[in-house]
Amino acid sequence: MLRENQRRFKFDWITIILFILLVGFGYVNILSASHIGEITNYFDMSQPYGKQTVFIGLSLILIVLILSFEAKFYERFASLIYIVAILSLLGLFVFGKDVNGARSWYGIGSMTIQPSEFAKFATALAVAKYISDLQTNMKTLKDQIRVAAIIFTPALLILLQNDAGSTIVYLAFFFVFYREGLQQVYLAVALALIVLSVLVLKYGIVVTAIVSAIVLGTRYFMRKKKRASLIQYILVLGISIGFAYGVKLFYEHALKPHQQNRISLWLRLEKDPIKLERMKKAEAYNLIQSEQAISSGHFYGKGFLKGTRTTGKFVPEQHTDYIFSTVGEEWGFLGSSFVVILFVTLIVRILYLAESQKSQFSRVYGYGVASILFVHFTINTGMVMGLIPTVGIPLPFFSYGGSGLWGFTILLFIFIKLDSNKINEW
């Protein structure tokens, strides 16, 4: 009995406090971005801040439930949780509700639930379960393919629902694989493919082919031991050019016009000033307003509820994906830095705790949590500042939305529960 009572106080309070700070400060900014006139009722369900109050309250109930289960429950039922998540994604094709062109929600009265937000923690559990199996060896191709299938199944289903933003998040698991022994060649290949994609869109096939030939030729002649034949390097060059050509075709014929425009604006591909101005008004309006809101905050910010662009509703969807622009305008560089420090501290803390786990399942899951939060945070903040193309994903614990808040809460507190049990692991 004493041991059970002691275990109750082994939760990592640093992580919990960081969670509370992020949710609390996020709510303050949602309130600022969504209020209309004088605020008389914080539970006004006709306003986003009123709904978010309820979402936060329900999150507290979720936390109690998550922490009440035994830690082994999540490992034992990881596969079942994953299957339920996949079925919930499949059900959207029949019972899903279209919102902003994406069939990613179930409609429940006036409320909506987005299964993709819950599929993230389910996939993290499934990946941790598979990798921690005694028969799994991440250095073998067979196990690499199987664990990739675990990740790409929900990612593909989400992509087919026209939710590219949530699909990108599943690339976060690459960091987990790398920690668990994936060869460095995969990292080199991934970086090479990204560079090839940017090169071909920016400069075309010919320049991409020339650059690829120079890089491969330099590598071949600088190697002291030329174990690989020249034919192999020529083959790699051919594959690189073929991939680049495929990226070009995908960009021109598979992407929708608004997606093409976002990439075009990011890479500065459009040369016609008239067309460029038209694209900015259509596709970059949110981004331009977001950048202006952030820059107007200067060092100290304009103050709570005093952001003119925020209160004037210049930035569409500011309480959701563009919530960071509210921070920039009303809290300035200091407030923005505070948010960045909170996220970085949380991610580093999770990685630190993950490395201290005695169970491989807990360690892998911890890395999955940190990776998902890192990708969400990096993409969202980079998007609102124009550093990366516009992608519709929320800022964890910060953006408005019940599904997102609950999904991230479950994701984090399952790890907190697993970490609290490490004193009982052998």
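The values are calculated or read from the model by the stated rules, or taken from the named source; none is laboratory data. This structure is a prediction, so every number in the text was calculated from the model and none was measured. Heads up, the Cβs are rebuilt from the backbone with ideal geometry, glycines too, and the neighbour counts pull from every protein chain shown. For the accessible areas, the whole protein counts, side chains as well, though only heavy atoms, and no ligand, DNA or RNA atoms are used. Shrake-Rupley method; radii C 1.70, N 1.55, O 1.52, S 1.80 Å.
Assorted remarks:
- Those trypsin sites (Lys or Arg not before Pro) in region 185-245 that DSSP places in a loop and that have at most 12 other beta carbons within 10 Å: ARG223, LYS224, LYS225, LYS226, ARG227
- The chain, relative contact order [Cα under 8 Å, separation at least 6], %: 26
- Inter-label distance, nm, simple model (7 Å from Cα along the C-beta direction), THR140/VAL348: 3.9
- Of the residues GLU180, GLU70, the one with the largest accessible area comes first in the ranking GLU70, GLU180, computed with a 1.4 Å probe on protein heavy atoms.
- Were the residues from PHE11 through MET45 laid out at 0.36 nm apart, the gain over their Cα-Cα distance would be 8.9 nm.
- Lys, Arg +1 and Asp, Glu -1 on Cβ, resulting dipole of the chain about Cα centre, debye, nearest 20: 1420
- Using a cut-off of 32 Å between Cα atoms, the listed pairs LYS139/LYS422; LYS256/LYS417; LYS120/LYS358 include LYS256/LYS417 as exceeding that distance.
- If you plug the beta carbon distance of TYR300 and ILE341 into 1/(1 + (r/R0)^6) with R0 = 22 Å, you get a FRET efficiency near 0.85.
- Among the trypsin sites (Lys or Arg not before Pro) found in region 342-378, those both in a DSSP coil and sparsely packed, with 16 or fewer other Cβ atoms within 10 Å of their Cβ, are LYS358.
- For the chain, hydrophobic long helices are taken as DSSP H runs at least 20 Å long by C-alpha position along their axis with mean Kyte-Doolittle hydropathy of 1.0 or more; these are 13-34, 48-68, 78-95, 141-160, 184-203, 205-222, 230-249, 323-355, 402-420.
- Residue separation of ALA149 and LYS422 scaled by 0.36 nm, minus their Cα-Cα distance, works out to 95.3 nm of gained length.
- Dipole axis of the chain (+1 Lys, Arg; -1 Asp, Glu on Cβ), positive-most option in LEU125, TYR203, LEU60: TYR203
- Using a simple spin-label model with pseudo-atoms 7 Å out from Cα toward Cβ, LEU187 and SER229 lie 3.2 nm apart.
- Separation of the PHE73 and ALA164 label points, Cα + 7 Å toward Cβ, nm: 4.0
- Alpha-carbon centroids, region 291-323 and region 58-95: separation in whole Å: 36
- Loop-located trypsin sites (Lys or Arg not before Pro) in region 103-165 (DSSP state not H, G, I, E or B) with no more than 14 neighbouring Cβ atoms inside 10 Å: LYS139.
- Largest-first principal axis extents of the Cα set of region 177-269 (Å): 48, 36, 19
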